[in-house]
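The values are calculated or read from the model by the stated rules, or taken from the named source; none is laboratory data. Quick caveat, the model's predicted, so the values are computed rather than measured. A quick note on method: Cβ atoms are made from the backbone with ideal geometry, for glycine too, and the neighbour counts reach across all protein chains shown.
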Amino acid sequence: MTVQLNHTIVAARDKHTSARFLADLLGLQVSPQYGPFIPVAIPNGVTLDFMDHPGSGSGSGSGGIAPQHYAFLVSEDDFDAIFGRIRAAGLTYWADPAHRRAGEVNRNDGGRGVYFDDPNGHSLEILTRPYGSGLTG
């Protein structure tokens with residue numbers, strides 16, 4: 001049996017802004033709206049479908065959006081380009097998922113990785129080596 005993740009829905013306060021944020025940082029394209037979704041296709045065939053979260057308008061506090069984590073495995077060259085865009089945008093980044101090591105890059109499994117937040121509070125991560133790939137650092 002072959003099982004592959006095809007798409008996931010990403011809750012957003014503003015689906016257009018959120019899709020553009022991710023696509024711009026990762027160097028991807030925002031696809032045309034499909035039903036209530038604004039898709040961002042990842043080169044491995046998975047689509048992140050941004051959808052406005054009900055009740056997430058102004059005055060709703062956190063908007064009821066439960067923060068999720070999305071990690072993107074990238075090449076060393078892509079890491080450099082994306083990390084450059086993160087820094088150019090003035091985004092805070094961390095070396096750890098708990099957000100304790102601000103302004104640092106981790107060296108887990110012999111690669112590099114950073115975490116940063118999107119406009120909805122979702123934790124995004126770019127990394128150059130999969131966790132548990134055999135090298136520690």
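Tell me yes or no: at least one residue of the range 90-103 is crowded, with 18+ Cβ neighbours inside 10 Å and closer than 21 Å to ASN44 by Cβ.
For the range 90-103, residues crowded, with 18+ Cβ neighbours inside 10 Å and closer than 21 Å to ASN44 by Cβ: absent.
All of (1) under 20 Å from ARG129 (Cβ atoms); (2) outside the structural domain of ILE126 (by TED's automatic domain parsing); (3) surrounded by 11 or more Cβ atoms within 10 Å (Cβ to Cβ) hold for LYS15 with one exception: (1). Checked against the criterion of being assigned to a strand (DSSP E or B) and farther than 22 Å from ALA89 by Cβ, the range 18-32 has no qualifying residue. Exactly one residue out of GLY90, GLY63 is at pLDDT below 95, outside the structural domain of LEU25 (by TED's automatic domain parsing), farther than 15 Å from TYR131 by Cα and not in a helix (DSSP H, G or I): that is GLY63. For the range 57-80, the criterion of being farther than 30 Å from VAL3 by Cα, touching a residue at least 40 places away in the same chain (Cβ under 8 Å) and surrounded by 15 or more Cβ atoms within 10 Å (Cβ to Cβ) is satisfied by at least one residue. Pick from PHE37, PHE83: which is under 16 Å from SER123 (Cα atoms), aromatic (Phe, Trp, Tyr) and surrounded by 13 or more Cβ atoms within 10 Å (Cβ to Cβ)? Only one candidate qualifies: PHE83. If you filter the range 93-137 down to residues that are of a type in the set (Val, Ile, Thr) and either more than 16 Å from TYR70 (Cα to Cα) or touching a Leu at 6+ places or on another chain (Cβ under 6 Å) (or both), you find that the one that is modelled with the lowest pLDDT is THR136. Residues of the range 92-106 that are in contact with an Asp or Glu (Cβ under 8 Å, 6 or more places away or on another chain) and among the aliphatic types (A, V, I, L, M): ALA95 alone.
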